[in-house]
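Structure record follows, encoded as structure tokens.
The values are calculated or read from the model by the stated rules, or taken from the named source; none is laboratory data. Since the structure is predicted, the reported quantities are computational estimates derived from the model, not experimental observations. Note: ideal-geometry Cβ built from the backbone for every residue, glycine included; neighbour counts use all protein chains shown.
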Amino acid sequence: MGYLRFGTRGWRARVDHGFDEASVVRIAAALGAVWASRHEGSTILVGYDTRRDSQSLALVAGMVIAAHGMRVVVSQEACPTPALAWAASRDRSCVGAVMVTAGDAPYEYGGILVRQGDGGPMAASFAAAVDRRIAREPTSERGSVESAQLLATYVDALAHQADTGLIGGRGLGIVVDPMYGAGSRWVADLLRRVGCEVTAIHDEPVPDFRGLHPDAREPWVDECEQAVLGHHADLGLVLDGDCSRCALIDASGSMLSPHDLAPLVLDHLVGQRGRTGRVVATVSSSARIGRQAQRLGCGFTMVPVGFESVYRELQEGDVILATDERGGICVPDHVPERDAPLGSLMLLELLAGTGARLDELVLDCEGRIGAMEYVSRSLSLDPVGALRLRNLLPGLNPPVVAGERPVSVSHADGLRIEMPDGSWVLLRASRSSAGACACAEAPDARRADALLAWACALAKEGRA
């Protein structure tokens with residue numbers, strides 16, 4: 001059998017190159033062994049997305065974990081990752097949850113995602129313990145599992161989170177696109193329930209997504225953009241494969257930058273809901289969220305890339321919103337997980353409460369915190385180049401970057417440089433492959449592109 005590597009982000013592989021029942025069984029057996037050694041007899045929840053074989057593999061994974069003496073409850077239907085996390089956080093006997101999903105990856109992929117009993121990401125020490133227990137051959141041991149309706153209780157909780165009277169009074173016309181994923185059918189029904197006029201596309205669970213990449217960004221949102229125009233809708237909502245992230249389309253058929261979403265949600269939480277507390281964002285997130293936090297009088301903490309870094313801050317208990325570099329939104333008093341349906345409801349409340357259009361809210365926000373252009377690029381390096389970059393970045397302190405002198409340099413997670421005009425650039429070497437990621441942000445696209453080009457040249461050439 002092939003070697004499997006299990007980390008804090010779980011495990012993912014192509015269905016034609018490693019993602020099969022034998023591999024799922026090997027990982028499930030390791031999970032069951034570690035959980036049984038720490039919490040014998042406790043509850044484990046298992047969910048799955050709409051991909052091919054996800055349901056059957058979730059059942060197999062549950063039976064393998066149950067063979068270790070754990071009580072296992074498998075979802076009766078496909079559910080989004082935030083629903084599984086929410087269900088785990090509300091069950092006092094639950095110590096963990098397993099999600100059979102590849103998130104926003106193409107249909108050719110499958111994966112295993114694990115959450116702790118409070119719905120948050122697993123600790124690095126737990127992932128390492130599981131990784132050490134993965135056997136070379138799958139076990140034949142199976143136990144019995146229970147089934148439960150995990151999705152319905154989550155949907156009810158979402159409905160109670162929203163001010164349905166406020167939203168319903170606005171009568172918003174919305175095009176909903178769940179991309180054939182775990183948001184199929186129920187998201188559209190929920191929005192109708194809170195008083196919206198809904199048109200749904202790609203709204204059925206299809207194992208191969210009919211070739212659509214379930215990633216809520218260009219160009220995969222094109223059909224929703226067209227539908228918004230065709231139906232004269234107020235906005236469009238696109239949810240990725242497991243409902244962790246979303247995209248919003250304004251009435252003109254244009255997708256909002258994902259970096260505009262968190263500042264708008266924060267404005268709603270503070271301005272309309274009267275919330276106070278701290279905001280957490282990853283080091284590669286837009287400067288917009290930090291500026292909005294400052295404007296609204298919220299504390300702000302920047303952490304390394306990876307939601308496990310965000311989660312450590314959530315445990316302090318004073319965080320009202322957290323976000324990542326792709327606009328994922330977490331409202332931790334609901335669940336310590338990115339939750340696109342909840343974030344969407346918060347934005348609908350903001351629209352209903354202000355009476356403004358979506359594009360007007362974005363322009364108003366830009367007027368208050370400044371407009372920014374965000375660019376990024378993934379870079380492939382050979383093994384020698386990747387090692388050179390990892391060794392180079394910790395000690396690099398360039399005096400000039402893209403023709404200007406930096407005002408600050410940070411090595412907390414790669415190399416992050418801030419410029420006098422508020423622009424910044426980040427270069428990070430991959431932790432798991434021979435590659436790197438560069439991103440930059442500036443008040444205008446030309447400056448952002450220049451900073452990104454500088455970072456890419458540094459990664460490729462090995463010198464500033």
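Residue count for the range 1-13, restricted to those that are out of contact with any helix residue (DSSP H, G or I) (no Cβ under 9 Å at 6 or more places or on another chain) and modelled with pLDDT of 95 or more: 1. Annotation note: Cβ proximity below 6 Å between a residue of the range 20-36 that is assigned by TED's automatic domain parsing to the domain that holds Ser140 and closer than 11 Å to Ile112 by Cβ and a residue that is of a type in the set (Gly, Ala, Ser) and modelled with pLDDT of 95 or more (sequence gap 6+ or interchain) occurs for Val24/Ala61; Arg26/Ala135; Ala28/Ala61.
Residue by residue, here is whether (1) buried (at least 23 other Cβ atoms within 10 Å of the Cβ); (2) in contact with a helix residue (DSSP H, G or I) (Cβ under 9 Å, 6 or more places away or on another chain); (3) modelled with pLDDT under 95; (4) farther than 26 Å from Cys456 by Cα holds:
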residue	(1), (2), (3), (4)
Arg288	yes, yes, no, no
Ala293	yes, yes, no, yes
Leu296	no, yes, no, yes
Gly317	no, no, yes, yes
Ala322	yes, yes, no, yes
Glu325	no, yes, yes, no
Leu348	yes, yes, no, yes
Val384	no, no, yes, no
Arg388	no, no, yes, no
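Give the range 433-464 a look and list any residue that's acidic (Asp, Glu) and either over 17 Å from Val283 (Cβ atoms) or in a helix (DSSP H, G or I) (or both), or say none. Listed by number, the residues that qualify are Asp444, Asp449, Glu461. In the condition set (1) surrounded by fewer than 24 Cβ atoms within 10 Å (Cβ to Cβ); (2) assigned to a helix (DSSP H, G or I), Arg92 is compliant with all but (2).
Taking the criterion of being more than 11 Å from Ala28 (Cα to Cα) and either surrounded by fewer than 22 Cβ atoms within 10 Å (Cβ to Cβ) or of a type in the set (Val, Ile, Thr) (or both), the residues of the range 60-89 that qualify are Gly69, Arg71, Val72, Val73, Val74, Gln76, Glu77, Thr81, Ser89.
Can you confirm whether the range 241-258 contains a residue that is closer than 23 Å to Glu366 by Cβ and assigned to a helix (DSSP H, G or I)? There is at least one residue in the range 241-258 that is closer than 23 Å to Glu366 by Cβ and assigned to a helix (DSSP H, G or I).
Scanning the range 8-41 for residues that are outside any helix (DSSP H, G or I) and of a type outside the set (Lys, Arg) returns Thr8, Gly10, Trp11, Ala13, Val15, Asp16, His17, Gly18, Phe19, Asp20, Glu40, Gly41. All of (1) of a type outside the set (Val, Ile, Thr); (2) assigned to a loop (DSSP other than H, G, I, E, B); (3) not assigned by TED's automatic domain parsing to the domain that holds Val228 hold for Arg132 with one exception: (2). Arg377 meets each of the listed conditions (1) assigned to a helix (DSSP H, G or I); (2) in contact with a Cys (Cβ under 7 Å, 6 or more places away or on another chain); (3) charged (D, E, K, R) apart from (1). Of everything in the range 196-215 that is in contact with a Ser or Thr (Cβ under 6 Å, 6 or more places away or on another chain) and crowded, with 16+ Cβ neighbours inside 10 Å, the residue that is nearest to Asp49 (Cα to Cα) is Pro205. Taken over the range 103-129, the criterion of being part of a loop (DSSP other than H, G, I, E, B), of a type in the set (A, V, I, L, M) and within 24 Å of Thr50 (Cα to Cα) is satisfied by Ala105, Met122.
Set side by side, the residues Ala251, Ala247, Ala227 differ, and just one is crowded, with 24+ Cβ neighbours inside 10 Å and in contact with a strand residue (DSSP E or B) (Cβ under 8 Å, 6 or more places away or on another chain), which is Ala247. Selection of the range 307-360 for residues being in contact (Cβ under 8 Å) with a residue 60 or more places away in the chain and of a type in the set (Lys, Arg) yields Arg326, Arg338, Arg357. Got at least one residue in the range 146-160 being within 19 Å of Ala66 (Cβ to Cβ) and in contact with a helix residue (DSSP H, G or I) (Cβ under 7 Å, 6 or more places away or on another chain)? Yes; the residues of the range 146-160 include at least one that is within 19 Å of Ala66 (Cβ to Cβ) and in contact with a helix residue (DSSP H, G or I) (Cβ under 7 Å, 6 or more places away or on another chain). Restricting attention to the range 170-201, the residues that are closer than 16 Å to Ser344 by Cβ, assigned to a loop (DSSP other than H, G, I, E, B) and not hydrophobic (A, V, I, L, M, F, W, C) add up to 6. Residues of the range 405-421 that are in a strand (DSSP E or B) and β-branched (Val, Ile, Thr): Val409, Ile417.
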